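Reviewing the structure listed below.
The numbers here are math on the coordinates, done by the rules we state, and not lab data. Keep in mind it's a predicted model, so treat the numbers as computed, not measured. Glycine gets a Cβ as well: all are built from the backbone with ideal geometry, and neighbour counts include every protein chain shown.
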Amino acid sequence: MPQNVPGAAEVIFKLFDIDDPKSIAPQLLTTMLDNYSHLGKDNSWVNKANYYIENRLKPGDRYAIGISYYAGIEMKEVNYEKALFWFTDAVKHNEPGAYFFIGSMYTLGQGVSVDVDKAIYWHEKGVESGATQSKLILAKLYQSKNTDQKKKQAFQLIKSEADANNTFSYRMLANCYKEGRGVERSKEKALKYYILAAENGDDVSQNNVGYAYFSGEGQPKDYKKAFKWLSASANQGQGNAALTLSVQYLKGLGVEKNIKKAFYWSYVAFRTLDDKNMKKAARQRMIRTGKFIGKAEGQITVKEAKRFLTTLQKSQFKGPG
């Protein structure tokens, strides 16, 4: 055993005695027990360490130890089994934040088999105990059950978070209104919450708002507003927004017609979209815009597109200003 381990343990015991609420003494002590308790003949520090762990932990300490194992911090390696042990111990001592992590571990299969029912159970316990971070995860799990009752329960959870100004809930609530999940369909309410999400920087919602104004879905067409939101979304890497933006530049809808910018955004769409049909549409848009910038018969290869894009970048063209 390294000679400094008993001395280091004594330093940690003193940190316990100081009773600093920000102390990481519990995490460090469990790390020492993991790494050194099986080494050497003098284990008196081990007995004392075990006593401190069993008798001196404060509210929140068990949760903090679980986090350190879950995330691999405070000199620990990621260990989901030990994280689950400490999170489970934490909920026994009324540390509600641990419910969220236990539920998430069953959702993701971290250290346990994926089990949606157990995930729902633990997230429900979290919500009951005031762990608000469990609400939106629980809502998604309810929606996965695909029953009317669960959809309604999911909607209520999401709506309560939106009413509490949780910005992460806005797009989820908009989707509920758009698709009629647990609530009557409403394009107007869907747009309202997509706009709230878009204003908070959500790129998917920015695309949804932009396309709604572009297509006139739920409100009159407004190409200038469409351009505003599609530009914001495309500049965050949203391929769908880039593809629609290329149409606006190609046809001069809500913005001055600019063939090179139309080509640029169709290429961005081609590079970022995963859907095969959408990717094909983006390539066709590149060919069409290529025709207008002097390519014979509109034939333009991906290699040529990359070369043209490099030219635009060297000229400090960065998309719409």
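Figures for the structure shown
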| item | result |
| --- | --- |
| Scattering profile of region 220-275 at q = 0.15 Å⁻¹ [log10 I(q)/I(0), Debye over alpha-carbon scatterers] | -0.35 |
| Given charges at beta-carbon only (K, R positive; D, E negative), |dipole| of the chain in Debye | 2500 |
| Relative contact order computed over region 112-154 (Cα-Cα under 8 Å; 6+ residues apart), in percent | 29 |
| Helix-derived mean residue ellipticity, 222 nm - over the chain, DSSP H n ≥ 4, -39500 (n - 2.57), to 500 | -22000 deg cm²/dmol |
| ³J(HN,Hα) computed for each position of region 119-132 - Karplus, 6.51 cos²θ - 1.76 cosθ + 1.60, integer Hz, glycine/proline x | 4, 4, 4, 6, 5, 4, 4, x, 4, 4, 8, x, 7, 5 |
| Ranked packing of 149-159, 9-19, most packed first, by mean Cβ within 10 Å | 149-159, 9-19 |
| Surface/4 estimate of mean projected area, convex hull on alpha-carbon atoms of region 1-145, nm² | 9.0 |
| Length-normalised contact order of region 97-200 in % [C-alpha pairs under 8 Å, at least 6 apart] | 17 |
| Between region 126-144 and region 158-215, the alpha-carbon center distance in angstrom | 19 |
| Quarter of the Cα convex hull surface for region 85-220, i.e. its orientation-mean projected area (nm²) | 8.8 |
| Filtered GluC sites (Glu not before Pro), region 147-217: DSSP coil and at most 16 other beta carbons within 10 Å | GLU184, GLU217 |
| Residue exposure sequence - LYS224, LYS135 - by fewest surrounding Cβ within 10 Å | LYS224, LYS135 |
| Vicinal HN-Hα couplings computed from phi for region 259-275 (Karplus, 6.51 cos²θ - 1.76 cosθ + 1.60; Hz; Gly/Pro x) | 5, 5, 5, 4, 5, 4, 6, 5, 5, 4, 4, 4, 7, 10, 6, 9, 4 |
| Selection from ALA241, ILE67, TYR267 lying farthest towards where the dipole of the chain points positive, charges on Cβ | TYR267 |
| Dipole of region 117-199 [Lys/Arg +1, Asp/Glu -1 at C-beta], most positive-end residue of TYR121, VAL183, PHE168 | VAL183 |
| Gaussian network model of the chain, springs between alpha carbon atoms under 10 Å - residue of ILE102, ILE73, ILE259 with greatest fluctuation | ILE73 |
| Under Karplus coefficients 6.51, -1.76 and 1.60, residue-wise ³J(HN,Hα) of region 106-112 in Hz, glycine/proline x | 6, 5, 9, x, 9, x, 9 |
